[in-house]
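Inspection log for the structure reproduced underneath, given as C-alpha cells.
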Amino acid sequence: GLGGVILFDKDPTDKNKIKNIRNKEQLKKLTAQLQAVSKQKLLISIDQEGGVVQRLKSEAGFVNTLKASEISQNGEVFAKKSYEAMAKDLSSVGINLDFAPVVDLAINKDNKVVVTRGRSFGENPQIVIKYASIFVDELKKEGVISTLKHFPGHGSSLADSHLGFVDITKTWDKKELEPYKYFIKNNRNKQGNY
C-alpha cells in the first residue's frame with residue numbers, strides 16, 4: 001500500500017549522517033529498487049528548489065541551481081536553462097515529484113525561512129508567477145510533478161513553520177494568493193498520469 005517516499009541527503013535530526021543520496025549511480029539504483037517493491041508506480045520525491053534547499057548536491061555529481069531570488073535576476077532564458085538542467089537531473093535518477101517551486105512573495109524582508117534565504121522569486125506576484133511557471137514547465141517536460149509551496153502568507157510571516165505553528169493573521173497580504181489563483185485558474189500545476 002506504499003504510495004510514495006521522500007529522499008534526503010542528510011538525516012534531518014543529525015546533519016552529519018548521510019541519508020539516501022551519495023551520487024547519481026547510487027540514487028538511480030535506489031529509486032529503481034523502490035519502484036520494484038511496489039505494485040503501482042511510487043511517487044519518489046525530494047526538496048530540490050535551488051540555493052539553500054538542494055538535496056542533490058554538486059559534489060555528488062548533480063547540477064548546482066541558484067536560489068530563486070538570483071534566478072529571477074538573471075532573466076527568463078537563464079531560468080529555463082537552469083530548471084531544464086535540474087529537471088533532467090531529477091528524472092535521470094528516478095525522482096518524479098519535486099517539492100518546489102516556492103511561490104511565496106518576498107514581502108517581509110526579515111522573514112528568515114523564505115526571504116532572507118532567497119527562496120522567493122520576488123515581491124511582485126507577476127514575477128513570481130513568471131518564474132514559477134518556467135520551473136513547473138521544465139519539470140513537466142521531464143515527467144516530474146511540481147508542488148507549489150508553502151502557503152499564502154509565508155513570505156510575510158514572522159516565524160519559521162519548521163519550528164512550530166506560525167500565525168499569519170496580522171501579517172499576510174491578499175496579493176500573496178495571486179500565484180496560487182493563477183495556477184489553479186489556468187490548471188498549470190496539473191501533471192501526468194498520477
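Only residues in region 113-126 that are on the phi > 0 side of the Ramachandran plot count as the first member; pair them with residues that are open to solvent by less than 20 Å² (accessible area, probe 1.4 Å) and assigned to a loop (DSSP other than H, G, I, E, B), Cβ under 7 angstrom, at least 6 apart or cross-chain, and list the lot.
Gly122/Ala106
Here is a list of conditions, (1) modelled with pLDDT of 95 or more; (2) of a type outside the set (D, E, K, R); (3) open to solvent by 10 Å² or more (accessible area, probe 1.4 Å), and Phe165 meets all of them except one; can you say which number that is?
(1)
Sort through Thr65, Thr31 and tell me the only one that's touching a residue at least 24 places away in the same chain (Cβ under 8 Å) and either among the aromatic types (Phe, Trp, Tyr) or in contact with a strand residue (DSSP E or B) (Cβ under 9 Å, 6 or more places away or on another chain) (or both).
Numbers: Thr65 fails: touching a residue at least 24 places away in the same chain (Cβ under 8 Å).
Just a single option satisfies the conditions, and that option is Thr31.
Among the residues of region 137-144, is any within 27 Å of Val5 (Cβ to Cβ), open to solvent by 70 Å² or more (accessible area, probe 1.4 Å) and at pLDDT 95 or above?
Of the residues in region 137-144, the ones within 27 Å of Val5 (Cβ to Cβ) are 137-144.
Keeping just the survivors that are open to solvent by 70 Å² or more (accessible area, probe 1.4 Å) gives 140-141.
When the remaining residues are screened for being at pLDDT 95 or above, the result is 140-141.
Within region 137-144, one or more residues are within 27 Å of Val5 (Cβ to Cβ), open to solvent by 70 Å² or more (accessible area, probe 1.4 Å) and at pLDDT 95 or above.
Among the candidates Ile6, Ile46, Ile21, single out the residue that is of a type in the set (Val, Ile, Thr), over 18 Å from Glu138 (Cα atoms) and in contact with a Leu (Cβ under 6 Å, 6 or more places away or on another chain).
Details: Ile6 fails: in contact with a Leu (Cβ under 6 Å, 6 or more places away or on another chain); Ile46 fails: over 18 Å from Glu138 (Cα atoms).
The match here is Ile21.
The values are calculated or read from the model by the stated rules, or taken from the named source; none is laboratory data. Model, not experiment: these values are computed from the prediction. Ideal geometry is used to build each Cβ from the backbone, glycine not excepted, and the neighbour counts take in all protein chains shown. What goes into the accessible areas is simple: the full protein's heavy atoms, side chains included, and nothing from ligands, DNA or RNA. Shrake-Rupley method; radii C 1.70, N 1.55, O 1.52, S 1.80 Å.
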